[in-house]
Amino acid sequence: MTVAAPTFAATDLSPEWRRLELLARHLAAERQGQPVPQTFLEELAALQKVVLGLRQGPLWQDLLAPEWDALAADVLACVLAPEAEPRLGWLYQQLQAGTAQPYPSPALIQELLALDAGETARLRHLLAEDGPLRRAGLILGEGGDPFQPLRPGADLMARLLGRSCTPAFPPGAVRVPLRASWAELVLPADRLAALQEFLYWIRHREVVVEQWGGRELGGPVALFTGPSGTGKTFAAAVLASDLGWPLYRVDLGGLVSKYVGETEKNLNRLFDAAHGREMILLFDEADALFAKRGEVKEARDRYANMEVSHLLARIEAHRGPVILTSNLRQHLDPAFTRRFQVVVDFPRPDAGARAELWRRALPPRAPLSDEVDPDFLGRAVSLTGGAIRNAALHAAYLAAAGGRPLGLRELALAVWRELGKDGREVGRADLGRLGDWLREGLA
Ligand SMILES: Nc1ncnc2c1ncn2[C@@H]1O[C@H](COP(=O)(O)OP(=O)(O)OP(=O)(O)O)[C@@H](O)[C@H]1O
Ligand SMILES: [Mg+2]
């Protein structure tokens, strides 16, 4: 008797679970020395056919990288099964005597799929600490121990089961935990407006693209330029907080590997993991991306150049907000800046902006001496927002340690230290009128 293969919608994964259940029941029977039922192989073959068909569908194809072993889908299905069908979790548990959880170990997967020696070696590679499934964040678990359980990553659950969960880190990116509000951000009004407009690209895509037929571009991509400490990262945090989305910083240096060809893989992993997720990706020191074309000297540079233009194209193609930051506006080729939806230049703050920054940076409940006036501080020394934040906090610690209110003496010393951080000689005159409060003998 042959079992006819029923047809399934490409999004219905039930044949996957039925096949695994069959394999698990068979393994349990086999372990007890029970005879294999006649129909088992036929039933399995029929399901196998359906499953292979499903795996050609978009659900699986979007998930699996082309260079992965065909075994990868089997492994992912095995690990996801207890989440999809609790009865499989219980079956797994029975098959792994003594475990208190429903997830399969590599050893169980090996037995379940009846892998031969070659396939087992490939399984080990897939599941290694630096193997493809771990690096993509699809599978979680302890080291390479064959008896430790493997759990599905949040992304795997989200993409195959449609369960939204808190996203795992995209590989190569770290979460910026900063939360910040518009009220804390000090920038000229036109820059604030440009930042707001970046949010329009995210919030109103539906109207412009779906309803009005506007052209679908990737991104949106914003470029933030300006000196260090002028609030580029801070503004990115304000945007992310406004959306209620997490902000992830990507380490470009780590991404652009010195091994030719690795960059491609790193990029794929990153963008695959970020695909369709509600998050902002922040690429700091993006200057490396804008190396002018034609400036190729050696073969190595040529590779670097190739990767760089590809990298930029890949960033643009990603559908989701990306922010690039750079310290060097003047070096940027207009051919590049025109490619971004929003470009915001972060200026050094003027005296008025510095007064605002001082107001926000001084701890709100710190006991301040009467002479402390943010307008005076703003006029006295030209500092960036980052330097003002550091100096304000340092002054607060000086006051706390001295058991005194926070006064101009503490602020003068803190600013003097801040200016001296880059190693240059700082004189009393560099502190403007605040220099009068710097204690004798320092400068
Ligand atoms: N314009 C600003 N408005 C409000 N706070 C600011 C501003 N600029 C700087 N700050 C404060 O200084 C801190 C450091 O700034 P931030 O890290 O955003 O600078 P950046 O421009 O990203 O510098 P870098 O180029 O070195 O990365 C911020 O966390 C914030 O507290
Ligand atoms: Mg920054």
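The values are calculated or read from the model by the stated rules, or taken from the named source; none is laboratory data. All values derive from a computational prediction rather than experimental measurement. Because the Cβ atoms are built from the backbone with ideal geometry, glycine has one as well, and the counts that use them run over all protein chains shown.
Results, tabulated for the structure shown:
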{"quantity": "Test: residue in segment 141-148 that is out of contact with any helix residue (DSSP H, G or I) (no Cβ under 9 Å at 6 or more places or on another chain) and at pLDDT 85 or above", "calculated": "no"}
{"quantity": "Those residues of segment 185-208 which are within 16 Å of ligand 2 (Cβ to nearest atom), within 25 Å of the chain's Cα centre (by Cα) and either part of a loop (DSSP other than H, G, I, E, B) or modelled with pLDDT under 95 (or both), in sequence order", "calculated": "Leu185"}
{"quantity": "Check on Val174, closer than 24 Å to Arg314 by Cα and surrounded by fewer than 18 Cβ atoms within 10 Å (Cβ to Cβ)", "calculated": "yes"}
{"quantity": "Residue ranges of helices (runs of 4 or more DSSP H) in segment 336-443 with at least 2 members more than 14 Å from ligand 1 (Cβ to nearest atom) and at pLDDT 95 or above", "calculated": "374-380, 385-402, 408-420"}
{"quantity": "Flag for Ala72 being under 28 Å from the mean Cα position of the chain (by Cα), closer than 19 Å to Leu113 by Cβ and in contact (Cβ under 8 Å) with a residue 40 or more places away in the chain", "calculated": "yes"}
{"quantity": "Every residue from segment 223-246 that is of a type in the set (A, V, I, L, M, F, W, C), touching a helix residue (DSSP H, G or I) at 6+ places or on another chain (Cβ under 7 Å), more than 12 Å from Asp284 (Cα to Cα) and within 16 Å of ligand 2 (Cβ to nearest atom)", "calculated": "Ala235, Val238, Leu239"}
{"quantity": "Condition met for Leu192 (more than 16 Å from ligand 1 (Cβ to nearest atom) and without any contact (Cβ under 8 Å) to a residue 60 or more places away in the chain)", "calculated": "no"}
{"quantity": "Residue within segment 94-115 that is part of a helix (DSSP H, G or I), without any contact (Cβ under 8 Å) to a residue 12 or more places away in the chain and not acidic (Asp, Glu) present", "calculated": "no"}
